[in-house]
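**Student:** So that we are looking at the same thing, I have put the structure below in structure tokens.
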Amino acid sequence: MKIEAPEYIRSIVPYPPGKPMDELEREYGVKNPIKLASNENAWGSSPKAIAAIRDALGNLNRYPDGSNFYLVQAIAGKFGFSPDEVVVGNGSDDIIECLVKAFVQPGDEVITSHPSFLMYQKVVQVRGGVNTILPLKGMRHNLDAILSHITDKTRLIFLDNPNNPTATAIKPTDLYNFLSSVPESVLVVLDEAYVDFMDLEQQVDIYSLVHNSKDRCGVVALRTFSKAYGLAGLRVGFGLMGSQVAEMLHRVRQPFNVNQLAQVAALAALEDTEFYQQTLDKTRQGMVWLQNEVEKLGCRRYLSQTNFFLVDVKGDATALYEAMLHKGVIIRSMKAYGYTNVIRITVGTEEENHRCITALAECLTELSYVA
Ligand SMILES: Cc1ncc(COP(=O)(O)O)c(C=O)c1O
């Protein structure tokens, strides 16, 4: 075989998939491991979504509705947008990919922060685009640096707000000022995967940001059903944007990009305000408890606007991650992101949080990290 992928594809580092839980049990000899590593919903999925999936199982021989008609209508209604301003995708990952496909040609530039959600840089590279990657400042997006790196070739700016992995949010006034300085030829993508967990006063008015874009950049907001709505396994996300932008995404998206079960489940989850509210309440309670407990253990915790938070464990984060794994608790080491002593913990159920703290206490002692 002589075929060879271009250099910009060969140099991509594949996303490291996590191990299936069964494998982990076998490899590490642990019972019932818990995963507090992927910022998922610890309380499962909306019972209404599960019932909707059961009802739809008889139609799997049919292709899904390629227009996502009912889901788009429901999202538009809930957020006050018109249906032609909503694009639904196979996770918000899919919308990120469509944005890059639609607006970035080889050689065009896209600005992202480091660390931030890794998917942005990857899809830009797949497209042959040029990543302009700017370090966070004090664990926050450095908006001044981003402004000063905009060139004639800049097409997109990705801002995850709150940021993953630091859980920090941009101050609304800073964001409004920033947007007013971004040229019209650039699209700013505000990835709001964790918006549901944010304090209300930190949230921005997406409707006005998308609609009042005269003389400045356009704005796209990304949302997901993977976090507060508890449907990560089904892959559904959506974007709210001007209809001209949406029209371009419809040209590049796959015709059946959201499967049938995902469509009915997301629709039901959107209407299940009880499950949604319980998730937010329990996440807040769990966050307060976990943050107190890690401080009691002598670690430093960082404030969070999401369902996860960073902890400075005052010793090598990857060694701690490995030690926790042996106790059946999966968290994330932030060492690869440049935070040598920092781990990321997702809020779990009450029982999971207790197991996490017990394991953390043991590991800190075993590794002699804190006095
Ligand atoms: C900031 C951010 N954006 C997007 C996503 C992806 O969401 P989805 O599951 O909808 O593809 C994640 C997932 O962790 C994320 O952290």
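Readers should treat all values here as calculations from the given coordinates under stated rules, not as data from a laboratory. Nothing here was measured: the structure is a model prediction, and the numbers come from that model. Glycine gets a Cβ as well: all are built from the backbone with ideal geometry, and neighbour counts include every protein chain shown.
**Student:** By a straight-distance test (C-alpha under 28 Å), which lysines pair with Lys214 as possible cross-link partners, with residues fewer than eight away in the same chain excluded?
**Tutor:** Partners found: Lys78, Lys101, Lys153, Lys171.
**Student:** Right, next: Is the shape of the range 1-134 rounded, prolate or oblate, going by the alpha carbon gyration tensor and its root eigenvalues a ≥ b ≥ c, with a/c under 1.5 for rounded and a/b larger than b/c for prolate?
**Tutor:** Oblate.
**Student:** Given H placed 1.01 Å from N in the peptide plane, which residues other than close sequence neighbours of Gly348 have an amide H under 5 Å from its amide H?
**Tutor:** Amide H neighbours of Gly348, under 5 Å, 5+ apart: Asn353.
**Student:** Between Phe178, Asn257, His149, whose Cα lies farthest towards the positive end of the dipole of the range 47-272 when Lys and Arg beta carbons carry +1 and Asp and Glu beta carbons carry -1, centred on the Cα centre?
**Tutor:** Among Phe178, Asn257, His149, the one farthest towards the positive end of the dipole of the range 47-272 is Asn257.
**Student:** Related question: Nothing charged except the Cβ atoms of Lys and Arg (+1) and of Asp and Glu (-1): what's the magnitude of the dipole of the chain about its Cα centre? Round to the nearest 20 debye. Don't skip to the end; give the middle numbers.
**Tutor:** Details: 36 positive and 43 negative charges, 103 e Å.
With only Lys, Arg, Asp and Glu charged at Cβ, the dipole is about 500 debye.
**Student:** Please list, ordered by chain and number, the residues whose modelled amide H lies under 5 Å from the amide H of Arg332; skip anything fewer than 5 residues away on the same chain.
**Tutor:** Arg344
**Student:** Amide H of Thr154: which non-local residues (sequence gap of 5 or more, or other chain) have their own amide H closer than 5 Å, using H built in the peptide plane?
**Tutor:** Hits under the 5 Å cutoff: Glu109.
**Student:** As a quick test, which of the pairs Lys19/Lys227; Lys137/Lys282; Lys35/Lys335; Lys35/Lys282 have an alpha carbon distance above 25 angstrom in this structure?
**Tutor:** With Cα atoms farther than 25 Å apart: Lys137/Lys282.
**Student:** Taking only DSSP H segments of four or more residues, each worth -39500 (n - 2.57), what value at 222 nm results for the chain once the sum is divided by all its residues, to the nearest 500 deg cm²/dmol?
**Tutor:** -12000 deg cm²/dmol
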